[in-house]
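Engineer: This is the structure I have questions about; it appears just below.
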Amino acid sequence: MKEILSELIEHRSLSKETARQVLVDLASGKFNSSQMSAFMTVYMMRAITLEELQGFRDAMLELCIPVRFDQPVMDVCGTGGDGKNTFNISTLSAFVVAAAGQPVAKHGNYGVSSVSGSSNVLEYFGYVFTNDRSRLEESLDRANICFMHAPLFHPAMKNVAPIRKELGVKTFFNMLGPMVNPAFPPRQLVGVFSLELARLYGYLYQNTGKQYMILHDVQGFDEISLTGPCKLYSNSGEKFMYPPEFGFDELSAAELAGGDTVESSARIFLEILQGEGTSAQNHVVIVNAGMALFCVDPQGGIDQAMLKARESLLSGNALKAFKKLLEQG
């Protein structure tokens with residue numbers, strides 16, 4: 001690791017293969033906590049390169065516990081790390097998408113740089129995490145959604161988890177999260193915390209067979225916030241979109257605030273599913289879920305996708321999907 005750190009301190013980057021090997025060694029416990037912390041800190045101070053991102057991704061997928069499904073599942077997730085402390089928009093959107101008919105394999109984790117990640121919320125409601133394929137398939141059959149708690153599928157990362165928690169800020173593992181879903185979903189909506197990372201994701205995803213949409217809100221959100229324009233990368237190219245083009249008015253960031261605790265975050269989460277959310281909260285969930293549905297069926301058009309998402313949320317069907325997920329055998 002000394003040599004690697006020296007290279008990085010001299011502003012040199014790693015090759016794809018070197019990056020892959022470093023992460024494999026890091027996962028195996030080859031390095032001490034100070035070395036691992038120093039390595040992660042580098043990528044808080046400079047941009048990651050395409051080759052480094054590819055190498056880290058390849059190592060994570062190589063080391064994961066894979067669970068492939070027969071259905072064409074979709075992941076709806078963000079990198080986190082945007083520091084905005086919004087309510088759980090992508091997790092809510094995932095239930096809306098599932099209730100609208102698209103099977104979802106949601107990959108998530110505890111919050112690192114936010115109060116409450118998707119795993120925090122689901123655990124609060126009593127959901128028991130599992131990496132058992134049969135139980136995950138039962139969830140898909142019952143609720144059209146299953147939840148994949150990242151640490152159970154990436155056990156090699158157990159050496160890193162305490163350091164990430166102690167650091168309390170985004171690391172390159174936030175950048176990797178959406179890329180390393182162990183279900184290898186053929187469909188994906190990904191929100192990222194920086195425009196530079198969105199470009200890297202776009203480059204990597206265009207060389208896969210996925211149906212994808214990568215988005216970055218220019219106000220710094222890792223999801224569509226409706227507070228301003230959003231940059232989208234998809235199979236059909238890239239473009240900027242503004243709130244009216246999605247069919248919504250512009251919002252203020254204050255209207256998207258999340259809770260100060262896991263409990264308050266969970267309360268907001270349930271209120272929205274129960275139809276008691278504010279119009280701003282509803283609109284942000286609908287627009288993100290709608291773009292996921294548009295990603296799956298672009299021929300149907302954005303307006304139709306938004307209508308499906310709105311119906312899924314406001315009819316209570318998304319709430320039903322959530323309750324069905326909690327019904328564990």
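Engineer: Out of everything in the stretch 255-296 that is hydroxyl-bearing (Ser, Thr, Tyr) and surrounded by fewer than 18 Cβ atoms within 10 Å (Cβ to Cβ), what residue ends up being nearest to Ala309 (Cα to Cα)?
Structural biologist: Ser279
Engineer: Kindly evaluate Asn85 against the criterion of being surrounded by fewer than 24 Cβ atoms within 10 Å (Cβ to Cβ) and closer than 13 Å to Phe147 by Cβ.
Structural biologist: Spelling it out, it is not the case that Asn85 is surrounded by fewer than 24 Cβ atoms within 10 Å (Cβ to Cβ) and closer than 13 Å to Phe147 by Cβ.
Engineer: Being touching a residue at least 24 places away in the same chain (Cβ under 8 Å), under 11 Å from Val96 (Cα atoms) and either of a type outside the set (Asp, Glu) or in a helix (DSSP H, G or I) (or both) narrows it down to one residue among Ala266, Ala321, Ala280; which is it? Outline the logic, then answer.
Structural biologist: Working: Ala266 fails: under 11 Å from Val96 (Cα atoms); Ala280 fails: under 11 Å from Val96 (Cα atoms).
Criteria check complete, one pass: Ala321.
Engineer: Being in contact with a helix residue (DSSP H, G or I) (Cβ under 8 Å, 6 or more places away or on another chain), within 30 Å of Ser6 (Cα to Cα) and not assigned by TED's automatic domain parsing to the domain that holds Gly29 narrows it down to one of His154, His149, so name that one.
Structural biologist: From the options His154, His149, the qualifying one is His154.
Engineer: Name the residues in the stretch 297-329 that are touching a Lys or Arg at 6+ places or on another chain (Cβ under 8 Å) and surrounded by 19 or more Cβ atoms within 10 Å (Cβ to Cβ), would you?
Structural biologist: Passing the criteria: only Leu325.
Engineer: With respect to Ala161, is the statement that it is surrounded by fewer than 22 Cβ atoms within 10 Å (Cβ to Cβ), in contact with a Cys (Cβ under 9 Å, 6 or more places away or on another chain) and either closer than 19 Å to Gly29 by Cβ or not aliphatic (A, V, I, L, M) (or both) true?
Structural biologist: In short, no.
Engineer: Further question: Would you tally the residues in the stretch 195-228 being surrounded by fewer than 21 Cβ atoms within 10 Å (Cβ to Cβ), closer than 22 Å to Leu293 by Cβ and among the small types (Gly, Ala, Ser)?
Structural biologist: 1
Engineer: Please name all residue pairs, on different chains or six or more residues apart, with Cβ atoms under 8 Å, provided the first residue is in the stretch 3-24 and is within 15 Å of Glu62 (Cα to Cα) and the second residue is in a helix (DSSP H, G or I) and of a type in the set (Val, Ile, Thr).
Structural biologist: Between residues of the stretch 3-24 that are within 15 Å of Glu62 (Cα to Cα) and residues that are in a helix (DSSP H, G or I) and of a type in the set (Val, Ile, Thr), the close pairs are Thr18/Ile4; Val22/Ile4.
Engineer: Give the residue that is farthest from the chain's Cα centre (by Cα), with candidates limited to residues of the stretch 214-251 that are at pLDDT 95 or above and among the β-branched types (Val, Ile, Thr).
Structural biologist: Thr227
Engineer: Whether any residue in the stretch 196-210 is assigned by TED's automatic domain parsing to the domain that holds Asn235, modelled with pLDDT of 90 or more and polar (S, T, N, Q) is what I want to check.
Structural biologist: Within the stretch 196-210, one or more residues are assigned by TED's automatic domain parsing to the domain that holds Asn235, modelled with pLDDT of 90 or more and polar (S, T, N, Q).
Engineer: Sticking with this structure for a sec: Report yes if Ala100 is out of contact with any Asp or Glu (no Cβ under 7 Å at 6 or more places or on another chain), within 21 Å of Leu325 (Cα to Cα) and surrounded by 19 or more Cβ atoms within 10 Å (Cβ to Cβ), otherwise no.
Structural biologist: yes
Engineer: Can you tell me how many residues within the stretch 249-263 are in a helix (DSSP H, G or I) and aliphatic (A, V, I, L, M)? Explain how you work it out, then say what you get.
Structural biologist: Step one: of the stretch 249-263, the residues in a helix (DSSP H, G or I) are 253-256, 262-263.
Still in the list and also aliphatic (A, V, I, L, M): 253-254, 256, 262.
Going through the stretch 249-263 one residue at a time, the tally reaches 4.
Engineer: If I filter the stretch 171-194 for residues that are charged (D, E, K, R) and crowded, with 21+ Cβ neighbours inside 10 Å, do I get at least one hit?
Structural biologist: Yes, because at least one residue in the stretch 171-194 is charged (D, E, K, R) and crowded, with 21+ Cβ neighbours inside 10 Å.
Engineer: Next question, about the same structure. Out of everything in the stretch 24-44 that is of a type outside the set (D, E, K, R) and more than 18 Å from Lys165 (Cα to Cα), what residue ends up being farthest from the chain's Cα centre (by Cα)?
Structural biologist: Applying the filter and picking the extreme gives Ser28.
Engineer: Is there a residue in the stretch 186-204 that is under 22 Å from Ala19 (Cβ atoms), charged (D, E, K, R), assigned to a loop (DSSP other than H, G, I, E, B) and over 13 Å from the mean Cα position of the chain (by Cα)?
Structural biologist: no
Engineer: Exactly one condition in (1) of a type in the set (A, V, I, L, M, F, W, C); (2) buried (at least 24 other Cβ atoms within 10 Å of the Cβ); (3) modelled with pLDDT of 95 or more is false for Ile65; which is it?
Structural biologist: Looking at each condition in turn, Ile65 falls short on (2).
Engineer: Within the stretch 227-234, is even one residue touching a helix residue (DSSP H, G or I) at 6+ places or on another chain (Cβ under 9 Å), of a type outside the set (Lys, Arg), without any contact (Cβ under 8 Å) to a residue 40 or more places away in the chain and in a helix (DSSP H, G or I)?
Structural biologist: No, the stretch 227-234 has no match at all.
Engineer: For Ser252, which of the numbered conditions (1) surrounded by 15 or more Cβ atoms within 10 Å (Cβ to Cβ); (2) under 29 Å from Asn120 (Cβ atoms) fails to hold?
Structural biologist: Every listed condition holds for Ser252 apart from (1).
Engineer: Oh, and also: Consider the stretch 1-50. How many of its residues are among the basic types (Lys, Arg), exposed (fewer than 15 other Cβ atoms within 10 Å of the Cβ) and in a helix (DSSP H, G or I)?
Structural biologist: The total comes to 1.
The values are calculated or read from the model by the stated rules, or taken from the named source; none is laboratory data. Predicted model, so just to flag it, every value in this text is computed and none were measured. Don't worry about glycine lacking a Cβ; one is built from the backbone with ideal geometry, like all the others, and counts go over all protein chains shown.
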